[in-house]
Amino acid sequence: MKSLLVAKYESFKMEPHENIDKMYCRFNDIVKDLEGLGKEYSLGEKNRKILNALPKEWEPKSIAIEESKNLNSIPIESLINSLTSFELKMKYKVQDDEEAKGKRSIAYKASSKRRKDSRKPHLNNFQIIWDNCNSDGEVEEEYEETQIAFMALGNSEVSSSCDSCDDSCDNDDDDVEAFIFKMHECLKELYAKNKELKIKVNALLSANSKLVYENNSLTKENDVLKENFVGKNKIMEKQASLKKRLDDLDDILKKKKENVFEKKRTRNMFLNKNFITFRKNNLCFVKSKSSFYGNKNIICNYCHQHSHTKKNCYVKRNEKLGINSIWVIKHVTNPIGPNKVWVPKVVA
């Protein structure tokens, strides 16, 4: 594909019945296809290729452009504009030459016909004058000859004046015909341009209607997306507030947890300290007898006490640990009852 496009570019020439705009469109399509495939040409190469693609009658114009302008820096659009203006000048020149040729041929035909027609009335008049003479004899013939000669001279003067008038009228008619011909050609061109513009306008109107339909559909989609965006923003705000609340609760729980762990740590430290003091004194805390013995039908084989077995015997366990366990009677510090000694109030 790339090689074919390169070959088209290298062999690019202007076609016989092609104008500058069509040639440039065709050249631009080839260059864009090559650029899409990775093949690029410089500005000077493009300008030289366009000038080399012109036919032989364009050679003076291409040489003048090469000598007067720098092809490496001139934009392609300005080059195409200069070539288009030169093309229009050539077209108008050809039209003027054709119109001049047409004028000459029309003027020649009209003048020749009018001269032939103009001669016939004079001859008819001459014959009428000749027929009106009803005389015989030599004297009458001489008189007729002189009269005929006089009348012929008068007719020649009249014919010369008529010919001059006819020539001026012919020139005016030729100018009018040339003007009408030129206006007719201009009207043809304007009609063709009007037809092309109507086609373009219809295409633009159809494209505009499509764009309006797409715009309406896009506005509807935009409104729907805006509503969804607003709803999502509200949901996100609620989620953010809930997250903030959860973070606050998490901080509160962490503080409470730290306080609990701190209390537990201090309590463990206190208990460990007291346990060490009890170990030093060979003392240990023992539950009360009433709460320690649960089932009185069971008898221990080691200490012969009720409500426990040898496996759970506290005496055996304390002996293994080297602890002397004794029962301590609980003293009542505040016995119920009246005071034994009455101490009266001291009255000052």
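The values are calculated or read from the model by the stated rules, or taken from the named source; none is laboratory data. None of these values were measured; they are calculated from a predicted model. Using ideal geometry, Cβ is built from the backbone for each residue, glycine included, and neighbour counts are taken over all protein chains shown.
Please work out which residue is farthest from LYS91 (Cα to Cα), limiting yourself to segment 63-80 and to residues that are exposed (fewer than 11 other Cβ atoms within 10 Å of the Cβ) and touching a residue at least 24 places away in the same chain (Cβ under 8 Å).
Here the answer is SER73.
Of the residues that make up segment 35-42, is at least one among the basic types (Lys, Arg), in a loop (DSSP other than H, G, I, E, B) and touching a helix residue (DSSP H, G or I) at 6+ places or on another chain (Cβ under 8 Å)? Lay out the reasoning, then the answer.
First, pick out the residues of segment 35-42 that are among the basic types (Lys, Arg): 39.
Now narrow it down to the ones that are in a loop (DSSP other than H, G, I, E, B): 39.
Applying the additional criterion that residues be touching a helix residue (DSSP H, G or I) at 6+ places or on another chain (Cβ under 8 Å) yields 39.
For segment 35-42, residues among the basic types (Lys, Arg), in a loop (DSSP other than H, G, I, E, B) and touching a helix residue (DSSP H, G or I) at 6+ places or on another chain (Cβ under 8 Å): present.
Would you mention how many residues in segment 66-77 are assigned to a helix (DSSP H, G or I), within 18 Å of TYR41 (Cβ to Cβ) and of a type in the set (S, T, N, Q)? Show your work before the answer.
First, pick out the residues of segment 66-77 that are assigned to a helix (DSSP H, G or I): 66-68, 76-77.
Restricting the remaining residues to those that are within 18 Å of TYR41 (Cβ to Cβ) gives 66, 76-77.
Of the ones still in play, those that are also of a type in the set (S, T, N, Q) are none.
Of the residues in that region, 0 qualify.
Kindly indicate which of LYS280, LYS243, LYS264, LYS287 is more than 37 Å from the chain's Cα centre (by Cα), surrounded by 10 or more Cβ atoms within 10 Å (Cβ to Cβ) and modelled with pLDDT under 90. Steps first, answer last, please.
Values: LYS280 fails: surrounded by 10 or more Cβ atoms within 10 Å (Cβ to Cβ); LYS243 fails: modelled with pLDDT under 90; LYS287 fails: surrounded by 10 or more Cβ atoms within 10 Å (Cβ to Cβ).
Within the list LYS280, LYS243, LYS264, LYS287, the selection yields LYS264.
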### Summary
Of the conditions (1) surrounded by 15 or more Cβ atoms within 10 Å (Cβ to Cβ); (2) assigned to a loop (DSSP other than H, G, I, E, B); (3) of a type in the set (Ser, Thr, Tyr), the single one that TYR24 does not satisfy is (2)
### Task
Could you please give the count of residues in segment 10-29 that are modelled with pLDDT under 85 and within 30 Å of the chain's Cα centre (by Cα)?
0
### Query
How many residues, within segment 51-62, are crowded, with 16+ Cβ neighbours inside 10 Å and closer than 17 Å to PRO16 by Cβ?
3
